[in-house]
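Undergrad: Submitted below is the structure of interest, expressed as structure tokens.
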């Protein structure tokens, strides 16, 4: 006999499994669109453009992980990517941190549409991923 708990429909869980990857997709698209413009300053080094590409790749992987698995580790990965990206954009927006180690100086004291869109998506993604991480599942 099958366990009926395993077959219950969870619309909230389904919504989270779609919305978290959607926010990470927005983050990834914005970072990929801007990467080449930011790499010009450090063509030979790690550069901000390459950091943007790394952020985009992490967002894509975490988003796919949530979409496919919807597990707590998947939501944890999505939270780390989204919250980490938001922390970085806020840090470098408001604090002029000089280059250190392989990281370039990335201070940019302005908001523009793509930056605001990405920050909003990262913030929403972090909140939604935290909800997915800490909520009780119906099947548990």
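Undergrad: Take the stretch 41-76 and flag every residue that is in contact with a strand residue (DSSP E or B) (Cβ under 8 Å, 6 or more places away or on another chain) and modelled with pLDDT of 90 or more. Quick ask: steps written out before the conclusion?
TA: At the first step, the residues of the stretch 41-76 found to be in contact with a strand residue (DSSP E or B) (Cβ under 8 Å, 6 or more places away or on another chain) are 46, 51.
Passing the criteria: only 51.
Undergrad: Of all the residues that make up the stretch 110-129, how many are surrounded by 13 or more Cβ atoms within 10 Å (Cβ to Cβ) and in contact (Cβ under 8 Å) with a residue 12 or more places away in the chain? Let's see the steps before the verdict.
TA: First, pick out the residues of the stretch 110-129 that are surrounded by 13 or more Cβ atoms within 10 Å (Cβ to Cβ): 114-115, 117-129.
Applying the additional criterion that residues be in contact (Cβ under 8 Å) with a residue 12 or more places away in the chain yields 114-115, 117-119, 121-126, 128-129.
Summing the residues that are surrounded by 13 or more Cβ atoms within 10 Å (Cβ to Cβ) and in contact (Cβ under 8 Å) with a residue 12 or more places away in the chain in the stretch 110-129 gives 13.
Undergrad: Ok, one more. Going by the conditions given, is residue 79 over 30 Å from residue 136 (Cβ atoms), in a helix (DSSP H, G or I) and touching a residue at least 12 places away in the same chain (Cβ under 8 Å)? Talk me through it step by step, then tell me what you get.
TA: Details: over 30 Å from residue 136 (Cβ atoms): no; in a helix (DSSP H, G or I): yes; touching a residue at least 12 places away in the same chain (Cβ under 8 Å): yes.
Against the criterion (over 30 Å from residue 136 (Cβ atoms), in a helix (DSSP H, G or I) and touching a residue at least 12 places away in the same chain (Cβ under 8 Å)), residue 79 does not qualify.
Undergrad: Let me ask something else about it. Looking at the stretch 94-109, I want the residues that are under 17 Å from residue 35 (Cα atoms) and have a partner that is at pLDDT 90 or above and part of a loop (DSSP other than H, G, I, E, B) with Cβ atoms under 8 Å, at least 6 apart or on another chain. Which pairs are those?
TA: 105/96; 105/97; 105/98; 106/97; 107/95; 107/96; 107/97
Undergrad: Right, another one. Within the set of pairs 6+ apart or on separate chains, which have a first residue in the stretch 58-72 that is farther than 23 Å from residue 11 by Cβ, a second that is at pLDDT 95 or above, and C-beta atoms under 7 Å apart?
TA: 58/81; 59/24; 59/27; 59/28; 59/81; 60/28
Undergrad: Please tell me if residue 90 is surrounded by 13 or more Cβ atoms within 10 Å (Cβ to Cβ), closer than 17 Å to residue 23 by Cα and touching a helix residue (DSSP H, G or I) at 6+ places or on another chain (Cβ under 8 Å). Show your work before the answer.
TA: Values: surrounded by 13 or more Cβ atoms within 10 Å (Cβ to Cβ): yes; closer than 17 Å to residue 23 by Cα: no; touching a helix residue (DSSP H, G or I) at 6+ places or on another chain (Cβ under 8 Å): yes.
Here the answer is no, as residue 90 does not meet what is asked.
The values are calculated or read from the model by the stated rules, or taken from the named source; none is laboratory data. As the structure is a prediction and not an experimental result, all values here were calculated from the model. All Cβ positions, even for glycine, are placed from backbone atoms using ideal geometry, and neighbour counts span all protein chains on display.
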